[in-house]
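Peer 1: The structure's right below; bear with me while I get my questions together.
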Amino acid sequence: MYVVGTAGHVDHGKSTLVHALTGIDPDRLREEKERGLTIELGFAWLELPSGREVSIVDVPGHERFIKNMLAGAGGVDLALLVVAADEGVMPQTREHLAILDLLDVPAGIVALTKCDLVEEEYAGLVEADVADVLAGTRLAGAPIVRTSAATRAGLDGLRATIDDALERTPAKRDLGRPRLPIDRAFTIQGFGTVVTGTLLDGSLEIGQEVQLQPGGLRGRIRGLQRHRTKVQRLEPGTRAAVNISGLKTEDIERGMVLALPGNLKPVRVVDVRLTAPRILSHPLAHDAGVTLLSATAESEAKLRLLDANAIGPGESCWGQIVLETPIAVLPRDHCIVRTPNETAAGGVIVAVNARRHRRNDAATLPQLERLLAGSPEERLIDLLASRPLAVGAIATSLGIEPAEAAKVTAEAAARALVVELGGMLASGAWMNQATSRIEGATSNYLDLHPLRMAVPREHIRSTAGIDATVFDAIVAYACSMGAIEERGAGLATPGWEPRLTPAQEAEAERFLRTIGEGGYSPPTEGMPGDELLAYLTERGLIENTGRGVVFDREVYGEMVAKVVRHLETHPQITIAEVRDLFGTSRKYAQALLEHLDATKVTRRSGDAHVLRAGVEARR
Ligand code: GDP
C-alpha cells in the first residue's frame, strides 16, 4: 500500500487533478467530513494500471500542507508536485519543494497542470524552468508530465508515471511494532471513538490492546477501515481509521501515537541532524525558541546547536532539541523545525532522550555521525555503550527489521563485540566496564570492612550502578572472568579471607570466654565493636540478638531447643516463664524471645509467644 501526497502553490489545480484522476472530489470529502458523513480527511484513492492501489493525500492551505506532509512523513512514498502551466514556479512551489527535500520523501513527480490554457511552446519553457528549480533537490530529474484536468489530456500518462515510480519504491518496512500517529480523533454515533492516521512499522488487527503515547492510556481495537472498507487487519503504510473501545475522544489529541502497549515512550529530548532549506531567510541561531513537528505531533522547544552558532541557507549541523511537551517519536523519524516566520530546518532524529550534550564535544559529534550514517553494527555497539538493552528492543532502537537485527546481533556476538545476558544484550566494552566497577565496589567494601567474609550483593549492585535486570548475569560473567567470587549470599574478591589484628584476636578470645562463662546470663558490658561482632556472627561463634545481649552460639542452641520443647507441650510461653526456665533475668528472657520472633521460630500472640507453624518439624 502506497501513499501519494500532493504539493504545490495554491490554485495550481491540486484538488481538481486529484478529482480528475480518482473520481473522488477531495473538497466534497471535506464537506462530508464537516457534516460528519465521512471519517477520511482529504483522502482519495486510486487503482493504477498495474492494479496497485494508492491513497492520495490532498489537504488545502499552506500551513496545513506542512503538517500534512509531516503526518505522512514515513508514510508519503511519492510527492506529486503540481505546477500550473500558466503561472509556472511560484513561492509556495519552492517552499513545498524545500520541505519535501527536508523530509527525504523517497520519490516525486511533477504534474504540469492547466496545459489547456497555454501554447505548447510556453509549456516547454515552464517545464525547463521547473527542471532548473528541481536541480540540486531530491526531486532532481523527476519526470514532468503535462496534464489538463479540463481536457483530461495526460491523465493516463500521469497514472502510468506514478505506477512506474512506485514500482521502484521499496515496500513499507515492517518492524513488527505498529504505530499510528494520530491526525484526527472523533466520535461516530453508534461506534464511539475513531482515530485516523497513516499506519507505520507494523500491522494492526481487530481485538488488539493498544496504548496511546504520550499519556499511556489503553484501549482495544474494535474496528478497522481502509478507504471506507472494513478490514480485519491493516498492513503498514496504510491510511487507516481505527475504532477504539475503552478510550474517550476527549482524551485523545492529534499528535498522540497509537501503538501496542509498552512499545513507545514519551520523548523530551531529540538529537537531530538538521539542514536549513536553501530559501531560508533568517539564519537559525543556537538557543532559539522553535516549534518541532514530527509526524502529527508538535511541541514548542529550545534548539541547542551542537557544532555551530547558527545555520544559514542550505547548511547542516547537529542539534539537540529540548521539548516543552513530550512527543512519541523514534530514532530515524523525520522532523521539521519552524520559527514563527518560516520552515527553518528539517532533518532526521538520530537519538531520543539522550543526556545533555556538551557543545563542540569531540566525543559526541562522531558518535552522532555514526548514529546517522554508521553501519547497523556500529550503531548497535554505540547503542549498547552505556547500558544493555532487551534483545527484543534492538530492532526498534536501530529502526531496522527484526530479521536484520537478529543477523547483525549474531554477527557481532560471533566477534565477541556483544554478549547476550539472560534476554539482554550488552556490548563487550560495557561488560568489561561493569566487571571492573563490580570488582572495585567489592574490594573497596572489604578494605573498609576487613572482618567481613563477603559483601552483600545489593550493596555492590547499587554502588556499581548496575540495573537489577542484568546484575545476576553480569555477576556470573565477572565470576567466570575470575574478577570476584560468590561467598554464600554475598560476593568477595577471589581468595579473600577476613583478617583479625592480634589485638582483635585477643579481644575476640576474651569476649568469647566471658560470654561462654556467662551462660544464660552473659555480661552485657564491654561488648566488642559491630565489625568484630559481625565477624564472630558470620563464623557461627555467637548469636547477636541485636538487643544488647549476645549469647555464645552453643548456649543459644540449647536455649532454642529448650523453648521449642516447652512449646511442644504447652500452647504458649511468656517472658516470665522463659526467665524461670533459664533462671535468668527478665532482660535476657525478653531479648531471647524477641530474637526468636525475629528469626521466625516463634511469634507473638497477645502477651505470650507461640511456636510458628513448621518449626517443630525443622528441629
Ligand atoms: P488547488 O488550490 O491547487 O487545489 O487548486 P484547485 O484544484 O482548487 O484549482 C484552482 C482553479 O484552477 C479552479 O478554478 C480549477 O477549476 C482550475 N483548474 C484546475 N485544473 C485546471 C485545468 O487543468 N485546466 C483549467 N482550465 N483549469 C483548471
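The values are calculated or read from the model by the stated rules, or taken from the named source; none is laboratory data. None of the values given here were measured: they were computed from a predicted structure. Methodologically, a virtual Cβ is constructed for each residue, glycine included, from the backbone with ideal geometry; neighbour enumeration extends over all protein chains shown. In case anyone asks, the SASA skips ligands and DNA or RNA and just uses the protein heavy atoms, side chains included. Shrake-Rupley method; radii C 1.70, N 1.55, O 1.52, S 1.80 Å.
Peer 1: Taking 2.2 N^0.38 Å as the expected size of a compact globular protein, what ratio does the Cα radius of gyration of region 524-616 give against it, to two decimals?
Peer 2: Expressed relative to 2.2 N^0.38 Å, the Cα Rg reads 1.08.
Peer 1: Go ahead and estimate [θ] at 222 nm for the chain from helices alone: -39,500 (n - 2.57) per DSSP H run with n ≥ 4, summed, over the residue count, rounded to 500.
Peer 2: Taking each H run of at least 4 residues, the total per residue is -10500 deg cm²/dmol.
Peer 1: What are the radius of gyration and Dmax of region 118-202, computed over its Cα atoms and given in Å?
Peer 2: Cα only, region 118-202: 19.9, 57 Å (Rg, Dmax).
Peer 1: Test of understanding: what is the full-extension gain from SER436 to GLU253, defined as 0.36 nm times their sequence separation minus their Cα-Cα distance?
Peer 2: Residue separation times 0.36 nm, minus the Cα-Cα distance, leaves 61.1 nm.
Peer 1: Follow-up. P(r) for region 470-596: what percent of alpha-carbon pairs falls in each 10 Å bin, starting at zero?
Peer 2: P(r) over region 470-596, rounded to whole percents: 11, 34, 23, 19, 11, 2.
Peer 1: Measuring from the lowest to the highest alpha carbon on each principal axis, how far does the chain reach, largest first, in angstroms?
Peer 2: Dimensions of the chain along the principal axes of its Cα atoms: 121, 58, 43 Å.
Peer 1: While we're on this one: Residues of region 547-619: accessible area per residue at 1.4 Å, in Å²?
Peer 2: Value returned for region 547-619: 54 Å² of accessible area per residue.
Peer 1: So, with a 1.4 angstrom probe, what is the percent of accessible area on the chain that is carbon and sulfur?
Peer 2: Within the chain, the accessible surface is 50 percent carbon and sulfur.
Peer 1: While we're looking at this one, here's another question. Give me the Kirkwood hydrodynamic radius of region 355-493, using the inverse of the mean 1/r over all pairs of distinct Cα atoms, in Å to one decimal.
Peer 2: Averaging 1/r across every pair of different Cα atoms and inverting gives 16.4 Å.
Peer 1: With a 10 Å radius around each residue's Cβ, average the other Cβ atoms per peptide and rank 545-555, 412-422, 324-334, highest first.
Peer 2: Averaged packing, sorted descending, gives the order 324-334, 545-555, 412-422.
Peer 1: For a 23 Å ceiling on Cα separation, which of these pairs sit above it: LYS172/LYS230; LYS14/LYS67; LYS172/LYS407; LYS562/LYS600; LYS114/LYS172; LYS67/LYS302?
Peer 2: LYS114/LYS172
Peer 1: Here is a follow-up. How many Å² of accessible area per residue for region 345-493, probe 1.4 Å?
Peer 2: Counting only protein heavy atoms, the per-residue value for region 345-493 is 47 Å².
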